Structures are given as C-alpha cells and as structure tokens.
Amino acid sequence: MKFKIDWNAYYWPALAGFVILFVGNIVANPIFISHDNWRPVLLGAAPFIITTWAQTVPIMSGNGDLDLSVGPLAGLVNAVMAMTLPGLGITDPFSMIAIALAIGVASGLLNGFLVTIVRVQPIIATLGTFLTYQGLTLELLPISGGTAPPWMKVISGNVAGIPGVFFVFVLIAVAWWLLGKTAYRRNLLAVGGDIRAAYTAGINVIWVRIVAFIVSGVLAAITGVVFTATIGAADPTIGNPYILTSIAGVALGGVAFSGGQGGLLGAAAGGALLFLIENLFSLAQVSIYYIQIAYGSILLVALALNSMVDRARRRKAQAALV
Amino acid sequence: MNWVRHRLDVIAPFGIAIALFFITAAVIPGYGSMVSIRSLLLLSSLLGIASAGQTLTIIMGGIDLSVPAVIGLACVGFAVAFGQGVSPWVIGPIVIVAGIIIGAINGLISRALRVNSLIVTLATATIIYGAIWAQTKGDNRGSVPDFVTDFVSVIGWTGPIPVPGAVILWAFLVLVFVILERRSVLGRWVYASGANPGAAELAHIPSLLLWTVVFAISGGLSALAGILLAGFSSAANPQVGDAYLFTTLSAVVIGGTPIIGGRGGYARTVAGCFIITELTMLLIGLGLDEAAQQVSLGVLIIVLVAIYGRETHVRMQI
Amino acid sequence: MSVPALKETPAPLPSAAPLVEFRGLRRNFGETIALADCSFEIQPGEIHALVGENGSGKSTLIKILSGILPESGGELLWDGKVTRIADPRTAQQHGIATVFQETLVLDQLSVRDNVVLGLDRLFRRVHSVADETKLVREALDTIGMNALDPAMPVAALSLAQRQGVTIARALLRPWRLLVLDESTSALDVDARDRLFEALRGFRAAGRSILFVSHRMDEILDVADRSTVLRSGRSVATVTRAETTTDGLLELMSTHEEAQAAEGAARAVPNRALGAPVIAAKGVALLPETAPFDLTVRAGEIVGIAGLEGHGQVAFVEAVAGLRRPAHGAVETDQGAITSFSNAARAGIAYLPRERKTQGIFAPLSVLDNLTISALKRFAHFGILAESRRRAEGRRLIAQSHVATAGLGAPISALSGGNQQKVFLGRLLALNPRALVLNDPMRGVDLGAKQDIYKILEQFASDGGAVMLLSTELAELCLLCDRVAVFHNRALFAVIERKSLDVQALIAAMFGQSGASRGTA
C-alpha cells in the first residue's frame, strides 16, 4: 500500500490556518490544551465542525445546492430531544437517537425532493424549510426550557478520560470514510462537476443529490443532539448562528462553491478555524459583536487567498497547455 | 390557449396576485376596504423597493444576501443620528451613500475575485451586523422625522392621491427599472452577463464595472428601504430588515425571474411583491401566531415556486 | 481523411432482423418540430452514417435514441420490439452507448474516473480500481491514446484528448450500438484513422455504429449506408456503392442551397493587398519553442492549421490578446498586443471556438446578440436609441446572411449555423480591421458555411484582414491566400496559394520536410 501526499490538495490552506490558530490559542492561553480543557473545547467546536460538514456535502453536489436549513434543523432536533420526547416519556438513548436520525433523514428527503424532483432552486427550497423548521421549533418550544436526559452525559462528559463528543467526531469520520469507499463519492463529484456529463454517463443524478441532502440532514440532527447534551436543555434560537458559520466554514475549508470538489477534512479545518477565532476573541474579552466582524472579514480574506491560489494554478496550467 | 401555456411564467404571477386578493377578501371581513388596500400597496412598495436591486443582481447572475443587513444599518443609522439632532437631509444621503458603497464593494469583490456573490454578501452582511451592534451596544434609541413617518403611513396622502408617498415612489421606481432593463446599455449588459458569463467578457462587456454598479444600486435601494422602514416602525431596529432576506428572494423568484439569471425582469417582481404581501396579510388575518405564520409562508412560497418557477430538467440542458 | 475509400469489401447488407428501426419517429418542442418523420433501420454489423444539415433533426434523433428526450410520436424498435428509452442509463442497459457532440468530461476527476463514469450504481462499485485502470487502458488503446495516464486529471488534457476520453467512455459500456455524434471533430488525423480502424473491427464482430459527421470524406471512408435527414425527415438511405459527395449534398440541401454550393467552386478573386494589420515578430509560444514571424495584411485571408495541440490555438489566442507568448510580441500599428481589450482597440475582433459557452447569449434576442459589443454607439447617456440600433441590426443581418424570423426572436430559436452567423455579425458590428476566427465552421451546416465563406471574402475584399483557424483542410484550401501550418508548438511552414492543397497541408501538419519551409 503506497501512501502519497498530494501537495496540490484543496485542504492544505485550511489545515495551515488551523495549525496557526491552534498554536495562537495555546500561546494566548496555555491552559487551552490542558486535559481539563479538552471537553469544553471539543464541545464548543462540535457545532461549528458538524454543521460545516452538513453544509459541505450538498455544496459538493453542485448545481447551486446548499442547505440553509442546517441551523434551524439542529434547533428543531434540540427542541424535540429536550422538550417533546421527555414530555412523551421517551428518554432511552436508542429511541432518542433513532428519532433524531429519522428527523435528519426526513429533512434530507424533503429538501432533496424539493430540489431534484419538484426542481425548486435550492436556496429558495431550503430557505422555505428553514422558515418551516424555525416555526415548528417555536410551536414546540416558545421559550428556552426542557431538560436533557441523563444518558447524554456520555456526550457532554468524559469517557475513559476522553471527551465523549470526540467519539461523535470519530463515528462521523468513519461513516464518511466508508461512504468514500463506495461508488458514492465519485458519483457525487461527478454530479457536482458537471451534471450533464454525469447524467449522460448513466449516473442516477437525482438520488445522488437527494443522498447529499440526507447526509446533510443527518449531520444537522446530530448537531441538535450535541446541542442538547451541551446545554442540558433546549433553546429555540440555538441553531440560527450556524447557518452563516457553516457556509463560512465551507469557504474557509477550501471547498469550491461550484461543486464537484472538496471533502470533510478541509471542511473540518474550516469549521474548527471559526471556533478557534471565537475562542481567541473570548480570551481577549472582546465584545461578541466584534466576533461577527472578524468572521466576515476572515471569510473575505479566505476567499481572496483561495481565488489568488486558484488563479495562479490555473494560469500555470494554461501556460503549459499550448 | 397555446399562447397562455407559452407565457404561463408571465401570466401566472399576475393571475395569482389578483386571485389571492379576491380569495383573501372573501375569507377575511373588511379586507376589501380602502384601508387594507392602502396597506397592501404600502407594504408591497416597501418590499418592492427592497427587491429592486435584488432583481437586477439575480438577472446578472449574482445574488445579494446583504439586503437585510443594509436595511438594518440604514434604519439604525438614520434614526439614531436624527435622534441625536442631525438633520435628516444630511443623514439621509449619508446613509444611502453608505449603502451604495457597501453594494459597490460587494460587486467589486465578487467579480474581481470571481467568487460566488452569495458568500461575499453573506460575509459583508455579517460584518455590517457586527458593526451595528458593536457601535450601538444594543442601545438603539432613536427617532424619525414626521415627514418620513407620513411618507410610509397607511393613511398618508400624496397631494390629491389617497396613497402614501412610498407607493408613488415605488411606481416611479418600477417605471425607471423597466426602462433601465429594456432600453439602457446597462440593462442589456445585465441580461447578457447573466445569460452567459463566459461569453460576456469576450463580447467586451466591462464586467467589473457592471457588477460594481449593479450591486451599488442594490445597496443604495436597500438603504432607502431601511430609511422608509425606520419611518414605518418609528424606531431604530437593526433587525427590521431580517424578514427581507427570504421575502425579497421569494418576490423575485415567484415573480418569475430564475435564480440562474439572464431572464425575467422587475415588472414580474412587482407581481411577486404583491403575492408575498397578500399571503402575509392573509395569514395574519386568519389569526395565525408568528410561528404558524413562518411555517405557512415557507410552505406556500415553495408551493408557488413549484407551480411555475421550476428549474429545467437536466435533459433539457444537453 | 488520408485513407482511400472502398479498400475493403462492404459488409453484407441487409441480412437479419435490424438492430434498431425507427418508424415515423417525431419530436416537437412546443410548436417547433425538431423531428417530423424519421424512418430507417440499422442492421447488426453495420456502420450507418446519419447526414444532414444542422437543424435537420440529427441531434434530436440521437437524444431520443440515447434516452435523453422522449419521442412525441412514432415508434422506436430495438431488437424488433417497440421500446421507449426512458433515460441514459436505460439506453446503456439496452446496449446503446453514445458519444455526444459536446465533450462532456469532468475536469476535477482523473482520466480513469471519467472513462468508467456511470458504470457504478449509486453506492456499489462494479470494478476494483486495478480492474478499472486495466479497462481504461484497453479502451484508450483502441483509439491510439494509450499514452494517456489513467491517473492524470482531465483538466490537463487537450480538447482532442478529452474527446478521446468520451469515446473511451462509450467503448467501455457493453454496447451493441455505438452512436458517434460528430464526436471526431476535435480528433487529429492520426487518432481519427485509428478510431475508424477500430470501428471496422467492431463491425466485423457484428456490432453496429451510427455515425454522424459533417465531413463527407469521413462518411465516404467508413459508412456502409447513409441516411439523409432534411428538415426533420429521413429523405433517403443510400448504400456505400451509391454514395457520392455530390449525391449526398443534393439530398441534404434544399434547392437554393444546392445552387449556393455550386457557386462555392469559384476561384478566389484577386484582392488588393494592403499594409500589414497583424504582425507576429519573434513569437515563441513556450520558452523552449522556436520563435517565428507571421504577418497578415489588409485584404488577405491567412489560414492557420495544425494537428490538435501543436500550438496553433495558443497562437490565435495570443493574437486576440487572451494569452502572452513566452517571447516576442504580436504587433499592430497601435503597438504590441498585451490584453484582450487592447487587441480590440487595435481593431482585432475575435471569434472563440465554443459558440455555446463563449459566444451566444441564449435567452437574448437576435438584435441583442448582434449589438451587445457595440451598444455604446447607440446610446445617449446610457439610454439606447432603439430605431438606430434596429437599423444596424437589419444591416448586420443582411451582411451576415442570417435567416431569422425577426430581430426580436430569441437566438436560441435559430439553427446552429444561423447562430454562428449572428456571432460573426456581432464582430462585424465593431467595424474591425481584422477578424481572428478560432474554428468558425465547427458544427456548422453546409448552407451556413457557404454564407460564412461569403462574409469572409467580402470582408477581405473591403480591405479587412482575416486570420482563420480551421480543422477542415478543404475549407482552408478554398478560402485562404496562404496557410500557416503549426507543428511542435511553432510555425512549421507557410503554404502559398499556388501550392495549396490538402496533401500539402497534411504533410506539413505531420512535419514532413517536403513542405516549403519559410516565414512571411
């Protein structure tokens, strides 16, 4: 088995940025990497990273696909986990996880159905489901409340000295890696690269896109479970900030918005970057409002850098191609 | 009959707008009254002014997600400054110029870097929101001059005409935009650029300038909408524009301008604005709470787009 | 094109039950009838050519056969059974593999991924990576492209190699009918001959090929029978023995076009040559390639030829200001060309190769498409003077021989040939001093070609300079005063009118020293 490092891969800038900010966080506060801090850091980073993943897969499938309902869906699952299910007397982990995943799959099917079969533009379709989920959440949970079931301590606490939420990351990464072993990844990249080429080659383009939305929905639902474990309750507005960060994370991760390229490694780095920035700001006790400005500015800088790297690469390729 | 099927995308929005009016009038007592017709016109005109720039950017192949943020900025900037005693004739133009500059930056960055304007405008929107909060620290005391309030008052008059000034302004804007789209160099460039961005450069269309100008128009009109909304709500509210993200996009798409660009026009968005406003009034009139309104609006808009705003099947693209 | 026709014995015809039979097949888009009445059959072990002008319904027929469009009426019989092909995947399951006119490849993926594309299910992989690589090598070998590394990204390939990838993709399916829709247009002579050799092999094995081409020489070369489509109707099917270029042309064209074709045989008029308009001085396309000079004068049509990937496209792009040569410069009397806008200011109008992605604005009207580059001329403070613009539009339509329902009609309603003429009209609206054309006849029907010849000749007679890159050699011989032939990414030879013929061009394209070496 030969292992070759692809220095042209899309994720290097994101990983480099991640390392720099990671070191920056350690320098600013050496406690950052102390064992006691692992749990809060991973719990804090989880929604950034998982929602960015959730956003990445539809964006990879191209054709304008994106999922703006990621944040509100996480919020809806949060409300269901902490309010509705305990209210119905359902608190065992298996039923709750099954229900959370089912909500994710259902949302993915709905978004995917609207986008591929009804053929509503993805931005409109997912803004529509965004509003719908937000409304549903408010119906279930007009104000913050509810309680997380005790088993969620597995996620919010430590297991054998390792934060439980770490295993959530591992599970997702393994699932994605397994998915990459199947034909799906190539089909996804093909549909994202040029849907006409994919369609004429015989790929089932509709189901490739629907599955991308299902993956997105499931990941958003997992975020909802993590929210519940983290705050131990439900908050109807908890998901909304992550619509922006999920898209920013994708851009920072080097995943192309035109589709057909990218993966979860870059996206994870992109999402983590946003968390590290927030962490630095809160260490410096900067007002929360400036974090927004920083997010926006960093996103613009990342876009500029990506675009320059891209253009240099393309010019080199074009010059060689006489 | 064939003609109808052929032009369904044009007829349907206006047909639905008219049908919705009568349906709502039948369902909700008093909806046909002069007051509610005037508020329909007023609310539509506010949405219409906010969607005008959005229509142009979408036809050009872009999208402007910074509309709500610029509205919020203009609303807060105008009301807070006036509350502190600055003349509206000074702060008004300043706010609009600020909107134009933000828009120009949006267009410039999107085009110069060749990145999706969706991300660029999302980034600038975030910066603007952060800046508003950082500046005001949540303290949004402000006030609005009476003439602005009257300009967007449901019972306002414009000279002898029984509608507020905002409606007349909107009618004027529609006229300008229709001429701009059909009879101006800029308009033709906008359509060409949206229809085939690869060919636009080779056809000597100055894309960078075009994108800068069109996004500047969108920014300026969003700022104008923000001032009007300050008058409408009589307060400095940075969140006043939030609803306008979904509604401006929906008005454009429901009107029949596809997101991919190169087709459509502002006249259609006018129909889209009426539909959205009518739907909102219908839902409120039915006594739905805010949560239920959100759910219903989301569902209804998707249903409407599904009826005639569908994208083409991949087989038609080969 | 260099292979003499009728060398081998024709396949036995028609023998068993046909593989495919079309019975009165129809397809309309709203009120537009794309295919009116198409009836013919393809036998097992037959190479069947489908000829017809653009807009005659060839592409529509192929889309129906490939499962992209459903038919509006009539019947398609596959293996003697009435069949409706729902989508491309179903077509493949029946054994129909299609190579489309457009090279549909994915830049980000490797050659291997591009070739095996669509063999897999949604999740299940059909072959291991090692098997895939082997299969891809075999398929590429069939068309003489075995030098391509399957792991290489497609982004780095030339147009010809990309077309090779799409052909290999089709060859890899378990096909019984291979459909080639003008999919040899970008291939160079060598690759094309290899492909035709392979096609003959497939025929001997009892497989069938439906072959679409605008090149008569190719059709005479490989087809056992040819079906002619005209205005959406199949007008005749002729056997190899009956096939002649003139005969096919006559069947394809309406009366007026037949007359136009006769007129094309005329001699090139003596045009007065003026001052140099474009002068390439010491241009080297890459740092290591040989520098060369080339001048185009007013009133001159200079052809540019070369095998795919030999630098001629890069040179034409350098003249248009779209790329910078490694050394030297392309000069005009306004100085060296450094950018696209700078070339335009010097009076150079450029027609790119891809009409669909780089040329027309599909939803816009004919008038907009004609005038979009010259709008400022009709504007007062940004507002267009419509009557003047329409008058100019009418003038350009007449000048470019565009057949259209009106200035307001969307350009997408026009045939490919008419779209190309509108595109040329857009360049003429700029009142250029030089036209630089990158393969303008690609995918253009015969009638439109005649019109484009006329436009170019008129432009040169009026004192314009023309630089014409074309892959159709006969056309270069017909039109050009001189042809500059590229080889190994540099100018290899300039062939003057008096010694210009297809053999001489081919020899120079392959770098044969027999061709007169020189610069001008």
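The values are calculated or read from the model by the stated rules, or taken from the named source; none is laboratory data. Bear in mind that the values here come from a model prediction, so they are computed numbers and not experimental data. Note that we place each Cβ from the backbone using ideal geometry, even for glycine, and neighbour counts take in every protein chain shown.
The criterion of at least 2 residues that are within 12 Å of chain A (Cβ to nearest Cβ) and closer than 30 Å to C:Gly447 by Cα is met, among strands (runs of 3 or more DSSP E) falling completely within region C:27-127, by C:96-99. If we keep just the residues of region C:131-187 that are aliphatic (A, V, I, L, M) and touching a Gly at 6+ places or on another chain (Cβ under 6 Å), which is farthest from C:Arg207 (Cα to Cα)? Ranking the qualifying residues of region C:131-187, first place goes to C:Met145.
For region B:73-81, state whether one or more residues are small (Gly, Ala, Ser) and touching a Lys or Arg at 6+ places or on another chain (Cβ under 8 Å). No: region B:73-81 contains no residue that is small (Gly, Ala, Ser) and touching a Lys or Arg at 6+ places or on another chain (Cβ under 8 Å).
For region A:176-292, the helices (runs of 4 or more DSSP H) that sit wholly inside it and include 3 or more residues that are away from chain B (no Cβ under 12 Å) and modelled with pLDDT under 90 are A:264-283. Among the residues here, A:Ile172 does not qualify as in contact with a Leu (Cβ under 8 Å, 6 or more places away or on another chain) and farther than 22 Å from A:Val154 by Cα. Looking at B:Ala112, B:Ala131, just one residue is outside any loop (DSSP other than H, G, I, E, B), more than 8 Å from every other protein chain (Cβ to nearest Cβ) and at pLDDT below 95, and that residue is B:Ala112. Summed over region B:172-194, residues that are charged (D, E, K, R), at the interface with chain C (Cβ under 7 Å from one of its Cβ atoms) and under 16 Å from B:Val214 (Cβ atoms) total 1. The listed residues are B:Phe232, B:Phe246, and the only one of them that is surrounded by fewer than 24 Cβ atoms within 10 Å (Cβ to Cβ) and more than 26 Å from B:Pro13 (Cα to Cα) turns out to be B:Phe232. Give region C:361-386 a look and list any residue that's over 25 Å from C:Leu414 (Cβ atoms) and facing chain B (nearest Cβ under 8 Å), or say none. Within region C:361-386, C:Lys376, C:Ala379, C:Gly382, C:Ile383 meet the criteria.
Among the residues in region A:63-85, are any under 30 Å from B:Thr312 (Cα atoms) and at pLDDT below 90? So far as region A:63-85 goes, yes, one or more of its residues are under 30 Å from B:Thr312 (Cα atoms) and at pLDDT below 90.
Checking the condition in contact with a Gly (Cβ under 8 Å, 6 or more places away or on another chain), surrounded by fewer than 18 Cβ atoms within 10 Å (Cβ to Cβ) and aliphatic (A, V, I, L, M), which residue from C:Ala336, C:Ala329 passes? Selected residue: C:Ala329, the only one of C:Ala336, C:Ala329 that is in contact with a Gly (Cβ under 8 Å, 6 or more places away or on another chain), surrounded by fewer than 18 Cβ atoms within 10 Å (Cβ to Cβ) and aliphatic (A, V, I, L, M). Hey, among the residues in region C:280-321 that are among the small types (Gly, Ala, Ser), within 13 Å of chain A (Cβ to nearest Cβ) and not in a loop (DSSP other than H, G, I, E, B), which one's nearest to B:Ala203 (Cα to Cα)? Taking the candidates together, the pick is C:Ala318. Of the numbered criteria (1) assigned to a loop (DSSP other than H, G, I, E, B); (2) closer than 26 Å to B:Glu181 by Cβ, the one C:Arg353 fails is (2). Of B:Ile161, B:Ile132, B:Ile155, all but one fail to be without any contact (Cβ under 8 Å) to a residue 12 or more places away in the chain and touching a helix residue (DSSP H, G or I) at 6+ places or on another chain (Cβ under 8 Å); the exception is B:Ile161. The residues on offer are A:Ala175, A:Ala160, A:Ala148, and the sole one that is more than 25 Å from A:Val57 (Cβ to Cβ), surrounded by fewer than 22 Cβ atoms within 10 Å (Cβ to Cβ) and out of contact with any Cys (no Cβ under 7 Å at 6 or more places or on another chain) is A:Ala160. Against the definition (touching a residue at least 60 places away in the same chain (Cβ under 8 Å) and of a type outside the set (S, T, N, Q)), how does C:Leu104 come out, yes or no? Against the criterion (touching a residue at least 60 places away in the same chain (Cβ under 8 Å) and of a type outside the set (S, T, N, Q)), C:Leu104 qualifies.
Scanning region C:161-172 for residues that are away from chain A (no Cβ under 12 Å) and in contact (Cβ under 8 Å) with a residue 60 or more places away in the chain turns up C:Gln163, C:Ile167, C:Leu171. Within region C:339-359, residues that are in contact (Cβ under 8 Å) with a residue 40 or more places away in the chain sit with their Cβ atoms under 7 Å from residues that are among the polar types (S, T, N, Q) and surrounded by fewer than 19 Cβ atoms within 10 Å (Cβ to Cβ), at 6+ positions apart or across chains, in these pairs: C:Ala346/C:Gln334.
Of the residues screened, B:Val90 is one that is of a type in the set (Val, Ile, Thr), in a helix (DSSP H, G or I) and exposed (fewer than 15 other Cβ atoms within 10 Å of the Cβ).
Selection of region A:110-129 for residues being more than 7 Å from every other protein chain (Cβ to nearest Cβ) and surrounded by fewer than 24 Cβ atoms within 10 Å (Cβ to Cβ) yields A:Leu110, A:Phe113, A:Ile117.
Restricted to helices (runs of 4 or more DSSP H) entirely inside region B:242-318, those with at least 3 residues that are of a type outside the set (S, T, N, Q), at the interface with chain A (Cβ under 8 Å from one of its Cβ atoms) and in contact with a Ser or Thr (Cβ under 7 Å, 6 or more places away or on another chain) are B:290-308.
Taking residues in region A:204-231 that are at positive phi, and partners anywhere that are modelled with pLDDT under 95 and surrounded by fewer than 24 Cβ atoms within 10 Å (Cβ to Cβ), not one pair has Cβ atoms closer than 7 Å while being at least 6 places apart or on different chains.
Taking the criterion of being part of a helix (DSSP H, G or I), away from chain A (no Cβ under 14 Å) and not acidic (Asp, Glu), the residues of region C:134-155 that qualify are C:Lys134, C:Leu135, C:Arg137, C:Leu140, C:Thr142. Of the helices (runs of 4 or more DSSP H) that lie entirely inside region C:165-279, those containing 2 or more residues that are touching a Ser or Thr at 6+ places or on another chain (Cβ under 7 Å) and at pLDDT below 95 span C:189-204, C:216-222.
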